[in-house]
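**Student:** Sending over a structure as structure tokens; questions will come in a sec.
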Amino acid sequence: MLALIPNPFLDPFPAPESIASLLWVIVALPLAGAFLCGVLGKFMGRANTNFLACFTVFGSFCLSVCAVWAVGFQSAQFISPASAQPVKYALWLDVGRWFSAGDFSAHYGFYVDRLTAALLLVVTGVGFLIHLYSTEYMEHDEGYWRYFAYLNLFVAMMLTLIMADNLVLLFVGWEGVGLCSYLLIGFWYQDTEKAWAGRKAFITNRIGDFAFLIGMIFLVLLLQATEAMGRSGQARGNFMEAGRARAWLAAVHDQGPLNTEVLREWAYRMPVNMGQRTMGGVTLDSAITEGPLKGRTFGHVLTAALLLLLIGAAGKSAQIPLYVWLPDAMAGPTPVSALIHAATMVTAGVYLFCRLSFLLILSPTAMAWVAMIGALTAVWAALIAFAQDDIKKVLAYSTVSQLGFMFMGVGVGFFWAAALHLITHACFKACLFLGAGSVMHGNGEETDIRRLGGLRREMRWTWATFLIATLAITGIVPLSGFFSKDAILHGVHVTEIEGFPSVPHIVYGLGLFGALCTAFYMTRLYVLTFEGKRAADAKLPRAHESGFRMVSVLVVLAFLSVAGVLWGIPGLVPGPEGQKVALMEGYLTPSFQLADRYAKIYKTVVHEESSPLPGFVIAWAIAVVGGAAAWIVYRSWLPSRAGKPLPAFIAVPWRWARHKFYVDELYEFLFIRPFTAISNGLYKVLDAGLIDTVAVGGTAAVFRRVGGWLRYTQTGNAQSYATVMAVGLLVGIGAVLVWVHPW
Amino acid sequence: MQGISLQHYLVLAALLFSLGVFGVLVRRNALVVFMCVELMLNASNLTFLAFARDAGMDVGHLPALFVIAVAAAEASIGLAIVIAVFRSRGTVNVDDIRTMRL
Amino acid sequence: MTILFYLFAIVTVVAAAGVITARSAIYSAMSLVLTFFCLAGIYVLLLAHTIAVLQVLVYAGAIMVLFLFVIMLLSLGEPAGPGKVTFGRVVGGLSALGLFAALVIATKPFVSLGGEPPPRFGTLQSIGVQLYTQWLAPFEAVSLLLLVAMVGAVVVAKSRV
């Protein structure tokens, strides 16, 4: 292990690729921090635990900066095990084989390309800021050591997820963040409701995880079938380049079929349709002839696998139909909501699809589904957010809605835009959540916005940062949210998905409507919380501003929300085809190279070239209209109608939206109640009845009965014993007579 | 000897044996039970002797001799026990002597 | 011979019945003595002279005297009331009946009574010769048994001093 740490005295200026050997430290630091905080936190005291937890994440942040710096150079490259070709702008550290079972094996390795690097900065940077914020937010809590242990563990797991070089390790991080989410949501476990919220999150996640697992298995079978057909000669045409093909066939066994590079090479080998068919080879339309998937086509299995992965991502990233856990997750401490449910964990689904962009591009069906689910979720959650009165719930539904936007971006093949929105959203959503935490802290843990108001004058720093973040999320120029969201919308507008001509248009319409709703409910939230007079039934007469640690984090995040705009302004740097593109798009080009290439060759998605300007104007106009409408409604119209009931055409949908469109009740009715009934039935009939009463109790009862009867033979009376002997003798003699027949 | 076959003696012995078994299982007085045991022993003696006569080998009388000796020993010990039991319980009714009860 | 056999047999059976049905223990003992005497007669009919004599001497003479001693000593001769008819007793009676039936069935193949016995069959001389040569070990064992029985009887029956 020591050999992995480079000696600073021997290498005066470390070459970028040497950072690769240090990648494991990025995960190890928070992991060690979690262990130490958990085991020794109580003895170390509050100050020490705070310092240790923040220090480990800060250390990871510094190393992430080094990694980001490293992948900026072309010299940061390694020879891919799957193709024997150099992979540029990426670092790879293969720690070793983790396990293997028959033909399948999985390695433990870290892979950092530009996409991962960008996310590393987000996770460690925002993670560090939130650790800092938590030191003040949780200063009155007794379980601080547990909190920081879980938080560090979460960071470690998230880092494992984004740095994993194969899907198995990614799944480890996937489940790890789900576990930490459960632990942190139910942090105040003595309150039953909060504990149940944690349980709900975990179970909903689990459903997604199950689908993820099945999807992974499909991918494994797919690759193994391809390998078998390649070895047997049926797919000869796909394996023409001998050295490269040999490398791939070896890597499928050695690195394992779920290694990202191996999957990428597989996508490279599989042309989509007959038009590009190579001689003697197979395409996605041909049937599989080996293994358990015999008879089905490659394309169908791939689509099925991707749809299952979509369900998994929907569970983790809170999309329809598995979003129901996220609003309940607000039962946890606010910094947890900021970190996990705004900035990092919920983006895992988006990250997964960005990582597998080359697979997604091969299946227009899956892309259409991803885009549709994203759009529907964006609108659905936005409508629910209209009528929520809890400040954190509004932000939670806003997160679900923005994640829907990211899925829209992924679904139309604009991966860089989704990644950019992911990063900018992390900044301003964290700022919003932490601002909400500050508001709660200063108002006696009040979360109902109807009881707030007028905080503009009383909590100036919180007000300013919250305002900036709100403007960012609604998409007002020149803040970052504008460019990222509108890059997605523009991308949706110009895309055609093969086989689904109407989908992009529906998605675009829904996206615009979603942006309008976003502007409206966010402005509503801002107005009710900060503007106007203090509500009559507020808990405290005067709010107090939060301490330095919390405010400074808010300021940093607000600054990042503004500064993020730099990465989104189009037309700054040269892109892959020489035209001028946004900074982020250029930066992430190497990560999505294969996907872009495929998009062009196979035309599964087609991006027209057109100026984004008209789209920008429309989006900006929508944001302004939505914000203004909310301002008018909540500043003048509603106060002027104080006391009068709302008109029916508003009141009825309002009530529906407030009750989250009764989705939870629907799930309860459709799934939970039958399941509970079956479980109860099984318990009563099988477990308590059959096994406990009949088998276990029955056996005992039988023995007791028989013993009771046999007891009466022990009379103590010698004569009765003699009687028994005589009867036995009689039986014996009778037996002899019957068998021997002497007469 | 004509007319009296071995079977007659054996049936007589069986009858005596059955009467002895009946007495052992039915009578309440321990001494009477003992006597019925002696009856059974005698029945088996009779069987021995009948078969010896039938085979013409008088070595068959020796088991009968031993049975008589053993019966004597058993009777002495058994009666000593009856005396001891009578001393401690005051009765020889087998229904009242049930120490082996669970 | 036939008449003698039937005479002795009938008296034996009647006496045996008397043993098991007598109300008083003394009557049972006396019936048993009668049974022994008649049995001795049957033994003579079977040419088992030695055994017949020993039967009278030992069984009827020693053992029954011992029985009567104990009965008189413990004053157990009073007639007892009718016994309880319990399930065990009914089963016992029935099994005795069944036993008789089975034994009778078992004796079916034995019909004849052999031929002339060799000379000195059952005489004391013949018995003695075999007893002291071939069957010496069992003879000694039986004497040991009798010694043990004597000691045991003394130990069990003596009262604490």
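The values are calculated or read from the model by the stated rules, or taken from the named source; none is laboratory data. These figures come from a predicted structure and were not determined experimentally. We place every Cβ from the backbone using ideal geometry, glycine too, and count neighbours over all the protein chains shown.
**Student:** Pairs needed: first member in segment B:89-102, within 10 Å of chain A (Cβ to nearest Cβ) and under 17 Å from C:Ala25 (Cβ atoms); second member anywhere, surrounded by fewer than 13 Cβ atoms within 10 Å (Cβ to Cβ) and at pLDDT below 80; C-beta distance under 9 Å; at least 6 residues apart or different chains.
**Tutor:** Taking only residues 6 or more apart or on different chains, the pairs are B:Asp95/C:Lys84; B:Ile97/A:Gly716.
**Student:** Moving on to the next point. Given the conditions (1) surrounded by fewer than 18 Cβ atoms within 10 Å (Cβ to Cβ); (2) under 20 Å from C:Lys84 (Cα atoms), and given that B:Arg89 satisfies all but one, which numbered condition is not satisfied?
**Tutor:** (2)
**Student:** Would you be able to say whether some residue in segment C:53-68 is out of contact with any helix residue (DSSP H, G or I) (no Cβ under 6 Å at 6 or more places or on another chain) and on the phi > 0 side of the Ramachandran plot?
**Tutor:** no
**Student:** Okay, next question. Taking segment C:18-29 as the search range and keeping residues that are of a type in the set (A, V, I, L, M, F, W, C) and in contact (Cβ under 8 Å) with a residue 12 or more places away in the chain, which one is farthest from the other protein chains (Cβ to nearest Cβ)?
**Tutor:** Ranking the qualifying residues of segment C:18-29, first place goes to C:Ile26.
**Student:** Related question: From the list A:Gly315, A:Gly299, A:Gly374, which one is surrounded by 24 or more Cβ atoms within 10 Å (Cβ to Cβ), within 23 Å of A:Leu221 (Cβ to Cβ) and either free of Cβ contacts under 8 Å to residues at least 24 places away in the same chain or of a type in the set (Gly, Ala, Ser) (or both)?
**Tutor:** A:Gly315
**Student:** Might you check whether a residue that is closer than 24 Å to B:Ser18 by Cβ, free of Cβ contacts under 8 Å to residues at least 24 places away in the same chain and touching a Pro at 6+ places or on another chain (Cβ under 7 Å) occurs anywhere in segment A:713-726?
**Tutor:** Checked against the condition, which is being closer than 24 Å to B:Ser18 by Cβ, free of Cβ contacts under 8 Å to residues at least 24 places away in the same chain and touching a Pro at 6+ places or on another chain (Cβ under 7 Å), segment A:713-726 yields no hits at all.
**Student:** Here is a further query. Which of the numbered conditions does C:Gly122 fail, given that it passes all the others? Conditions: (1) buried (at least 19 other Cβ atoms within 10 Å of the Cβ); (2) in a loop (DSSP other than H, G, I, E, B); (3) more than 9 Å from chain B (Cβ to nearest Cβ).
**Tutor:** In the conditions (1) buried (at least 19 other Cβ atoms within 10 Å of the Cβ); (2) in a loop (DSSP other than H, G, I, E, B); (3) more than 9 Å from chain B (Cβ to nearest Cβ), C:Gly122 misses (3) alone.
**Student:** Let me ask something else about it. Pull up segment B:28-55, narrow it to residues that are facing chain C (nearest Cβ under 7 Å) and touching a residue at least 60 places away in the same chain (Cβ under 8 Å), then point me to the one that is surrounded by the most Cβ atoms within 10 Å (Cβ to Cβ).
**Tutor:** Looking at residues that are facing chain C (nearest Cβ under 7 Å) and touching a residue at least 60 places away in the same chain (Cβ under 8 Å), I get B:Leu31.
**Student:** Mind listing whichever residues of segment A:566-605 are modelled with pLDDT under 70 and part of a strand (DSSP E or B)?
**Tutor:** A:Val573, A:Pro574, A:Lys580, A:Val605, listed by residue number.
**Student:** Of everything in segment B:58-86 that's over 15 Å from the mean Cα position of the chain (by Cα) and more than 7 Å from every other protein chain (Cβ to nearest Cβ), which residue is surrounded by the most Cβ atoms within 10 Å (Cβ to Cβ)?
**Tutor:** Filtering segment B:58-86 for residues that are over 15 Å from the mean Cα position of the chain (by Cα) and more than 7 Å from every other protein chain (Cβ to nearest Cβ), the one surrounded by the most Cβ atoms within 10 Å (Cβ to Cβ) comes out as B:Gly60.
**Student:** Listed residues A:Ala722, A:Ala735; which is closer than 30 Å to C:Thr86 by Cβ and facing chain B (nearest Cβ under 10 Å)?
**Tutor:** A:Ala722
**Student:** Within segment A:25-83, work out how many residues are buried (at least 21 other Cβ atoms within 10 Å of the Cβ), in a helix (DSSP H, G or I) and in contact with a Pro (Cβ under 8 Å, 6 or more places away or on another chain).
**Tutor:** Residues that pass the stated criteria total 5.
**Student:** Here is a follow-up. Yes or no: B:Ala14 more than 19 Å from the chain's Cα centre (by Cα) and either facing chain C (nearest Cβ under 7 Å) or buried (at least 20 other Cβ atoms within 10 Å of the Cβ) (or both)?
**Tutor:** When the stated conditions are applied, B:Ala14 does not pass them.
**Student:** Looking at segment A:539-565, which of the residues that are part of a loop (DSSP other than H, G, I, E, B) and modelled with pLDDT of 75 or more is surrounded by the fewest Cβ atoms within 10 Å (Cβ to Cβ)?
**Tutor:** That would be A:His544.
**Student:** Here is a further query. Restricting segment C:1-17 to residues that are within 30 Å of B:Asn93 (Cβ to Cβ) and crowded, with 18+ Cβ neighbours inside 10 Å, which is farthest from the other protein chains (Cβ to nearest Cβ)?
**Tutor:** Taking the candidates together, the pick is C:Ala15.
**Student:** Working only within segment A:664-679, note down all residues that are of a type in the set (Ser, Thr, Tyr) and in contact (Cβ under 8 Å) with a residue 24 or more places away in the chain.
**Tutor:** Residue satisfying the conditions is A:Tyr667 alone.
Residues checked against (1) modelled with pLDDT of 85 or more; (2) surrounded by 11 or more Cβ atoms within 10 Å (Cβ to Cβ); (3) within 11 Å of chain B (Cβ to nearest Cβ):
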residue	(1), (2), (3)
A:Phe675	yes, no, no
A:Ile678	yes, no, no
A:Leu710	yes, no, yes
A:Val740	no, no, no
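**Student:** Just checking, does segment C:56-73 include any residue being closer than 26 Å to C:Phe121 by Cβ, in a helix (DSSP H, G or I), free of Cβ contacts under 8 Å to residues at least 12 places away in the same chain and more than 7 Å from every other protein chain (Cβ to nearest Cβ)?
**Tutor:** Yes, because at least one residue in segment C:56-73 is closer than 26 Å to C:Phe121 by Cβ, in a helix (DSSP H, G or I), free of Cβ contacts under 8 Å to residues at least 12 places away in the same chain and more than 7 Å from every other protein chain (Cβ to nearest Cβ).
**Student:** Would you say A:Ala536 is modelled with pLDDT of 75 or more and either touching a strand residue (DSSP E or B) at 6+ places or on another chain (Cβ under 9 Å) or part of a loop (DSSP other than H, G, I, E, B) (or both)?
**Tutor:** No, not satisfied.
**Student:** Scanning segment A:86-104 for residues that are without any contact (Cβ under 8 Å) to a residue 12 or more places away in the chain and over 27 Å from the mean Cα position of the chain (by Cα), which turns out surrounded by the most Cβ atoms within 10 Å (Cβ to Cβ)?
**Tutor:** A:Pro86
**Student:** Could you give every pair whose Cβ atoms fall below 7 Å, whose first residue belongs to segment B:56-81 and is touching a residue at least 12 places away in the same chain (Cβ under 8 Å), and whose second residue is among the small types (Gly, Ala, Ser) and not in a helix (DSSP H, G or I), counting only separations of at least 6 or pairs across chains?
**Tutor:** B:His61/C:Ala48; B:His61/C:Gly122
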